[in-house]
Amino acid sequence: MLSQVAEGVLVHESEFCQSNAVIVHGRAGVLLIDPGVLGYEMAALADDLRELGRPVVAGFSTHPHWDHLLWHARLGAAPRYGTARCAATVRDRLSDPRAKARIAAELIPPDIAGQVPLDLLGLITGLPAETAQIPWDGPQVRIIEHQAHAPGHAALLIGERGVLVAGDMLSDVLIPMLDLNGTADPIGDYLAALRLLEGAAGDAAVLVPGHGSIGGADQVRARIDQDRAYVHALRDAHVLSDPRVGPSAKDGWDWVAGVHAGQLQRLARRSERDGTPG
Ligand SMILES: [Zn+2]
């Protein structure tokens, strides 16, 4: 089911991990951001859009993680974009012929693995570095690129509609997940990204996280603050009080506590190794 979050901006929430696909109406068709996860959901979305007479004219993946890189043949053959770094990362990872099998076996939860079509995974075109907007015939969509969570991660600001599409940040259910794969300063990168979002989109009226609930204007600031507090707690080894971790987590999200424990462990190992925090 599609719900409208602002004029000409619709969201489809997946059964998997409260993943949000975002549809933006343009002149000749729609821009589809992070299309979804389960094959039948993407097919239904494609059918809904066809019925509305709104073909997909462009796609965008916010970052190079499998759940943001999927596509369904029924969505058509529109160009699918990402930042240059995002596309390069995807290309690099998929150049290993075993990559898809590994994603299916190790990253996708077994209960949905059979329902996630991987044939069109990651076929994205990198926009030249520093591209400020998605090239398409519709409302301006500004690209806010940063290095938190994944290489070449982009948040998108649809200024005329007051909508911030945050990718995998600013979630009410997921904690900040740092990119700990060979990055020099994951905590610094995350804090820099939060500052960037605060400066660029602090007055957005609607917030759409990659996973979790849609937020109103008050939630943009509140979730920036909450994510920053989490990252500060990681950095300073403070005791954490975050509603997303522990007994106050929403139903079905208790695994986030394990993600938190894993991050603590990996950060501790890093600082042991090079004597620096984070
Ligand atoms: Zn995600």
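Beta carbons within 10 angstrom, averaged per residue: use that to sort the peptides 38-50, 162-174, 97-109, 252-264, highest first.
Details: 38-50: 18.0, 162-174: 24.5, 97-109: 12.7, 252-264: 14.6.
So the order, starting with the most tightly packed, is 162-174, 38-50, 252-264, 97-109.
Need one number: nm distance between label points at residue 54 and residue 239, each 7 Å from Cα along Cα→Cβ, rounded to one decimal.
4.9 nm
State, to one decimal in nm, how far the label point of residue 264 lies from the label point of residue 101, with both points 7 Å from Cα in the Cβ direction.
3.8 nm
If we sort 121-132, 216-227, 200-211 on the protection proxy, mean other Cβ atoms within 10 Å, highest first, what's the order?
200-211, 216-227, 121-132
For the ranges 62-68, 140-146, what's the packing order if you count other beta-carbon atoms within 10 Å of each residue, average per peptide, and put the highest first?
Top of the packing list down: 62-68, 140-146.
Quick check for me: using +1 on Lys/Arg Cβ and -1 on Asp/Glu Cβ, what's the dipole size of the stretch 1-85 about its Cα centre, in debye to the nearest 20? Can you show the working numbers first?
Numbers: 6 positive and 9 negative charges, 87 e Å.
Around 420 debye, computed over the stretch 1-85.
Taking the alpha-carbon set of the stretch 40-178, what are its Rg and Dmax in Å?
Cα radius of gyration and Dmax of the stretch 40-178 are 15.3, 43 Å respectively.
Each reported figure results from applying straightforward, stated rules to the coordinates on display, with no laboratory input. Everything quoted here is computed from the prediction, not taken from an experiment. Every residue, glycine among them, receives a Cβ derived from its backbone with ideal geometry; neighbour counts consider all protein chains shown.
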